[in-house]
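Take a look at the structure below.
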């Protein structure tokens, strides 16, 4: 029992389908339900058994890891320079064909990004042990040191909201695997400390896809701040990649048990390769498939909403929508009828005029992301050279947001009668993945940092 309970109740009912085990565990760990640790431990053992079958790219000696990390970072830098040179010579974008492709990517990696840093949540209790400083400092920096505009989860949530792609209902179970791994490591870090260190070592290495994603998102008018932030803080010189190596060396046993500890570190490192990674998400995108899937979902709600006077190829709109699996044929019929002009600006299509604009007959039916899918599908590559305006950076109003949050007032009252050491321990639950991005969690993070410096 903690001295101060965190604000999100642990008895929130789960309504995730039983055939979605990764997503179900993800929610269970995030909400910290009573059996979360037991479920997380079992899950990690299964995933580590899978990871054991993957190739190990770490050096055989832990003392060589720093050189390995620096060499790896230099190689990524060279590859990125080659990418930039190719773009300057006229090569097309390597990752994102259009804006809807980029938004699809943001949506499908969200379960991982929205628990950024979670694998380190369990090390906070070791705040007195200097060997954990690198891991704790990394976690606090993932939390933005308690500043909303620097908190990684706050930044990513805002990014999804601003681009209307924050609905996770249609993601597959596999998209929740990496997030579940991170949450489970955070819950079970005492038992799986070598694996936490290894996972952290792998996750904090700067990957090429991060650099390219940041560059191409900016080109498409999507704020790349979240990705650029990771480019700067994950560097192998002074950033998280360097701290990850130093944490490994600081926490390695001296003498007996050293080899076994490092073996487990290498397993934790390989956990990063499970599930669907960023490049796989990017490669999996198919615009036509996404448009059809989106319309199939919409058809469930719109099949009785249309009058019968409008017919497409002798069928009413309601008839088209009431039969599952008809949306691809419906789109083709709209093309034949001339309502959709593929390969032309969307504004030239009658169908687009029905959904875009405040006076449109179907205003509000489609979200911003869904309209982007339709726009790019109708254009069919005709707007590849379009120049997107760069998204303006929005600064979070930290003080204003917190001033209006009652949780902070309650938290301050409960802390008032505690000693500094008890305050610090009581704050730890508020720095968990389910709380740290809330205004009270941000305040708790700043207070934790103050007390940690005071008591050291």
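The values are calculated or read from the model by the stated rules, or taken from the named source; none is laboratory data. Owing to the predicted nature of the structure, the values given are computational and were not obtained by experimental measurement. Cβ placement follows ideal geometry from the backbone for every residue including glycine, while neighbour counts extend to all protein chains displayed.
Couple of notes before you dig in:
- Looking across 334, 287, 295, 274, one residue alone is closer than 30 Å to residue 369 by Cα and touching a strand residue (DSSP E or B) at 6+ places or on another chain (Cβ under 8 Å). It is 334.
- Matching entry among 434, 447 (being within 23 Å of residue 145 (Cβ to Cβ), assigned to a helix (DSSP H, G or I) and at pLDDT 95 or above): 447
- Lone qualifier among 62, 74, 148, 118 - being assigned by TED's automatic domain parsing to the domain that holds residue 262 and either free of Cβ contacts under 8 Å to residues at least 24 places away in the same chain or closer than 16 Å to residue 211 by Cα (or both): 74
- Options 410, 317, 355; residue that is surrounded by 13 or more Cβ atoms within 10 Å (Cβ to Cβ), at pLDDT below 95 and assigned by TED's automatic domain parsing to the domain that holds residue 442: 410
- From the options 429, 433, 439, 420, residue that is under 16 Å from residue 127 (Cα atoms) and under 25 Å from the mean Cα position of the chain (by Cα): 429
- The one condition in (1) at pLDDT 80 or above; (2) more than 22 Å from the chain's Cα centre (by Cα); (3) within 29 Å of residue 184 (Cβ to Cβ) that residue 297 fails to fulfil: (3)
- One residue stands out among those in the range 232-252 that are surrounded by fewer than 17 Cβ atoms within 10 Å (Cβ to Cβ) and modelled with pLDDT under 95: the one that is nearest to the chain's Cα centre (by Cα), which is 232.
Residue-by-condition table, conditions (1) within 18 Å of residue 182 (Cβ to Cβ); (2) at pLDDT below 95; (3) crowded, with 20+ Cβ neighbours inside 10 Å:
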site: 101; (1), (2), (3): no, no, yes
site: 104; (1), (2), (3): no, no, yes
site: 110; (1), (2), (3): yes, no, yes
site: 119; (1), (2), (3): yes, no, yes
site: 124; (1), (2), (3): yes, no, yes
site: 127; (1), (2), (3): no, no, no
site: 130; (1), (2), (3): no, no, no
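- Tally of residues being closer than 19 Å to residue 79 by Cβ and touching a helix residue (DSSP H, G or I) at 6+ places or on another chain (Cβ under 8 Å) across the range 207-230: 15
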